[in-house]
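Asker: Structure provided below as structure tokens; questions to follow.
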Amino acid sequence: SCFYFEEDKMSYWNFNWKTPATEGLINNGSSFEDIIGQNDILSDVKTQNRTVIEYFTRPETVSNLIKYLTTTPDFLDPENDSYRSAKVSCEILCFDNEQLQEAIVSNPTALQSIFGFFSTTQPDLNLLKLISRLVCFLISRRSSQTLEFLNSQPDIVQNFLQLLEFPEISDIFIKMVNNIEASHEICNDYIQWILKTNRLVVKLIERLDSSYSAEIAENAANTLLEMLELCFPFNNEPVPDDPSLQMFTRRFPEVLRFELSEIFRNSEYTQGLANLLVKNLDSADYLKNVVSVSTMLVKLICLEISNSSSLDEKTTVEQLPAVLKELLSQLDNLKTQLKPVEVQDPFSLPFGTINKPFGFLRLRILELIAAFVDSRILCVYKLLADSQVFSLLVDIFFEYKWNNVVHVLVDSILKTVLDNMDDSLVVPLFEQSKIHERIADAGILCFQTQSGTCYDRVGFMGCVTQIATYLIDHARKSPAVQQQLSSSEKWTQYFQTDYEAITKIQEPSDNFDETDSEDDPARDIPSQSSRIKFEDVDFPEDFTSSEFDEEDLEIFHNPDFSLESLFNTDENLGNECSDSDDDDEDDDEDDEVALTTELITA
């Protein structure tokens, strides 16, 4: 055979590449406005066309892109997007291309124009979002060159702080601290510049005060919380010494984590927190931010204490780190904030009316107390016990029956206390809070309200059973606690009713024995979630649904699992097939009754 080609057939074998529109405009010498305004500009950039990439890496082109990002449009058209060119410029500058990135960071004039935007006190919010995105992109992709430039700008931190009311500035601060390469040569200089020379932590703490706007305080708190989070090793594991392995734990240099942790533990930088607690007692929103930062700080300090083992049973409160001691001195003020306050306009929920909402502030204070307890420092436990904080927590636990977040927190606090405190502190807990009797009252009331198929348990009953188990476990090793429990008639009644019933329900899932399953009478009682499906039953060939009335069919679909119906099955079996024909044979009737019995007991 032979092959031949016709001239008009050759187009079949050609790829017929089409020149991108942007490349055509560039080759034709079109203006920058025409190029940036054509519709396929972003798709042409993302294809990494050589001509297009080279055009946008030119210094004059980069300057034009940044000009769109930093200049408010002269005319704002409500029908069209006046910021389209700025958005397109941002997308191009943030494109992940080495040549584009190098063209930006190697141009001091371009960087000066970008960061000079933050020197204004009334920025264009639309442009602020775009240029903040570009700054975060440069810090994460080109951290060495970008941070070196920032280090040379003496007023840049102050410029950022004056715009802290915008959340985009908080994102920049977090990026500035979080995206430093472990092998960065100027890492130590940068730490000295941003954290010590500019005292960024101190200035952020100052802005938690009510003298600043609520937006500034909120963003300052979020920034501090993110920075504090960086002080903790990933998954509470130490960072490996080998820099090549650090990427598997945290993309964060150990030297910066250590320095940041040292700054937060230094009372010189954080001494203002305790004063802010007192100053903002009348402002719930500001106090919530102060307490949130204090909680993370206490966790960091306690982690350092547990790793160093520098404290023992003889340690006093005066010997604690300065920040921890100052926060503990405000315990009475925190207790005052924990007391419930009735609202003028209660609101209704499916489980009842709420007259005393718990609120985020009180939740944050609970988390701070939990951080104190997790320290496992004996003098801290004694201070909390003497202040009757644990008694107040028990009151809150039982007052908010359906707030499971509160229940879990109090449950965790009590478990830690019972695991780490001796009888000299546990017995006063029983005497002050009467926790065993309050648990018994709740359990007995819940057990008595269960009747028939009605089985309503209050929201805290799951945690009540867990706390009761903690008390029982602690009583096995403490004669004093055993005496407290055994001397209470309410506790004995609760233990023999609700607690015993719940533990029996929980036992089969943990200690199930197949050898005893056939002899267990509870095995034959169907669960409430059981549903009979007709397709799973082998009916006789001549069976028709007309042999059952609507009441019988309802029984098949939704069987009655009450104890009365289960133990009176024989009496009711004769009524299950009330519409059978009189001329049916007796053996057919027996088969139908047997089938009904099998369905009900399935």
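Asker: Go through the residues of the stretch 89-112 one by one and say whether even a single one is within 21 Å of ILE216 (Cα to Cα), free of Cβ contacts under 8 Å to residues at least 40 places away in the same chain and either open to solvent by 50 Å² or more (accessible area, probe 1.4 Å) or more than 34 Å from the chain's Cα centre (by Cα) (or both). Spell out the reasoning first.
Answerer: The initial filter retains those residues of the stretch 89-112 that are within 21 Å of ILE216 (Cα to Cα), namely none.
No - not one qualifying residue is present in the stretch 89-112.
Asker: I'd like the full set of residues that are closer than 12 Å to GLN99 by Cβ, open to solvent by less than 90 Å² (accessible area, probe 1.4 Å) and in a helix (DSSP H, G or I), limited to the stretch 47-60.
Answerer: VAL52, ILE53, TYR55, PHE56
Asker: Continuing with this model, one more query. Scan the stretch 65-80 residue by residue and report those that are closer than 23 Å to PRO20 by Cβ and open to solvent by 60 Å² or more (accessible area, probe 1.4 Å). Give the steps one after another, and end with the answer.
Answerer: At the first step, the residues of the stretch 65-80 found to be closer than 23 Å to PRO20 by Cβ are 65, 68.
Listed by number, the list holds a single entry, TYR68.
Asker: Could you go through the stretch 448-462 and let me know if any residue there is on the phi < 0 side of the Ramachandran plot, at pLDDT 65 or above and open to solvent by 90 Å² or more (accessible area, probe 1.4 Å). If you could, list the steps in order and put the result at the bottom.
Answerer: Step one: filter the stretch 448-462 for residues on the phi < 0 side of the Ramachandran plot, giving 448-451, 453-462.
Add one more test, that the residue is at pLDDT 65 or above, and what stays is 448-449, 456-462.
Of the ones still in play, those that are also open to solvent by 90 Å² or more (accessible area, probe 1.4 Å) are 448, 456.
The answer is yes, given that some residue of the stretch 448-462 is on the phi < 0 side of the Ramachandran plot, at pLDDT 65 or above and open to solvent by 90 Å² or more (accessible area, probe 1.4 Å).
Asker: Would it be correct to say that VAL427 is open to solvent by 40 Å² or more (accessible area, probe 1.4 Å) and either closer than 30 Å to CYS379 by Cα or outside any helix (DSSP H, G or I) (or both)? If you could, list the steps in order and put the result at the bottom.
Answerer: Details: open to solvent by 40 Å² or more (accessible area, probe 1.4 Å): no; either closer than 30 Å to CYS379 by Cα or outside any helix (DSSP H, G or I) (or both): yes.
Against the criterion (open to solvent by 40 Å² or more (accessible area, probe 1.4 Å) and either closer than 30 Å to CYS379 by Cα or outside any helix (DSSP H, G or I) (or both)), VAL427 does not qualify.
Asker: Let me ask another. Here's a check for you: in the stretch 383-414, which residue that is farther than 24 Å from GLY359 by Cα and touching a helix residue (DSSP H, G or I) at 6+ places or on another chain (Cβ under 7 Å) is least open to solvent (accessible area, probe 1.4 Å)? Can you show your working first?
Answerer: Filtering the stretch 383-414 down to residues farther than 24 Å from GLY359 by Cα leaves 383, 385-386.
Filter again for touching a helix residue (DSSP H, G or I) at 6+ places or on another chain (Cβ under 7 Å), leaving 383, 385.
On the way: LEU383: 52, ALA385: 12 Å².
Step by step, filter the stretch 383-414, then rank; the result is ALA385.
Asker: Looking at the stretch 83-136 only, could you name the residues that are over 18 Å from LEU42 (Cβ atoms) and of a type in the set (Gly, Ala, Ser)?
Answerer: SER106, ALA110, SER113, GLY116, SER119, SER132
Asker: Right, another one. Quick check on VAL323: is it under 21 Å from ALA370 (Cα atoms), touching a helix residue (DSSP H, G or I) at 6+ places or on another chain (Cβ under 6 Å), β-branched (Val, Ile, Thr) and modelled with pLDDT of 85 or more?
Answerer: Details: under 21 Å from ALA370 (Cα atoms): yes; touching a helix residue (DSSP H, G or I) at 6+ places or on another chain (Cβ under 6 Å): yes; β-branched (Val, Ile, Thr): yes; modelled with pLDDT of 85 or more: no.
So VAL323 fails the test.
To keep it simple, each residue is scored yes or no on (1) assigned to a loop (DSSP other than H, G, I, E, B); (2) open to solvent by less than 60 Å² (accessible area, probe 1.4 Å); (3) at pLDDT 85 or above.
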position: TYR12; (1), (2), (3): no, no, no
position: PHE15; (1), (2), (3): yes, no, no
position: THR22; (1), (2), (3): no, yes, no
position: GLU33; (1), (2), (3): no, no, yes
position: LEU42; (1), (2), (3): no, yes, yes
position: VAL45; (1), (2), (3): no, yes, yes
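Asker: Identify all residues within the stretch 299-313 that are at pLDDT 80 or above and either open to solvent by 60 Å² or more (accessible area, probe 1.4 Å) or part of a loop (DSSP other than H, G, I, E, B) (or both); write none if there are none.
Answerer: LYS299 - this is the single residue of the stretch 299-313 that is at pLDDT 80 or above and either open to solvent by 60 Å² or more (accessible area, probe 1.4 Å) or part of a loop (DSSP other than H, G, I, E, B) (or both).
Asker: Output the number of the condition that GLU507 fails; it satisfies all remaining conditions of (1) touching a helix residue (DSSP H, G or I) at 6+ places or on another chain (Cβ under 9 Å); (2) part of a helix (DSSP H, G or I).
Answerer: (1) is the only condition that GLU507 fails.
Asker: Please work out if PHE137 is more than 21 Å from VAL290 (Cα to Cα), assigned to a helix (DSSP H, G or I) and modelled with pLDDT under 90. Spell out the reasoning first.
Answerer: On the way: more than 21 Å from VAL290 (Cα to Cα): yes; assigned to a helix (DSSP H, G or I): yes; modelled with pLDDT under 90: no.
When the stated conditions are applied, PHE137 does not pass them.
Asker: Could you please find all residues in the stretch 363-420 being of a type in the set (Lys, Arg) and assigned to a helix (DSSP H, G or I)? Let's see the steps before the verdict.
Answerer: Our first condition is that a residue be of a type in the set (Lys, Arg); within the stretch 363-420, this holds for 364, 376, 382, 401, 415.
Listed by number, the residues that qualify are ARG364, LYS382, LYS415.
Asker: Against the definition (in contact (Cβ under 8 Å) with a residue 60 or more places away in the chain and of a type in the set (Asp, Glu)), how does ASP374 come out, yes or no? It would help to see each step written out before you state the result.
Answerer: Values: in contact (Cβ under 8 Å) with a residue 60 or more places away in the chain: yes; of a type in the set (Asp, Glu): yes.
Yes; evaluated as a whole, the condition is true for this residue.
The values are calculated or read from the model by the stated rules, or taken from the named source; none is laboratory data. Nothing here was measured: the structure is a model prediction, and the numbers come from that model. Note that we place each Cβ from the backbone using ideal geometry, even for glycine, and neighbour counts take in every protein chain shown. Heavy atoms of the whole protein, side chains included, go into the accessibility calculation; ligands, DNA and RNA do not. Shrake-Rupley method; radii C 1.70, N 1.55, O 1.52, S 1.80 Å.
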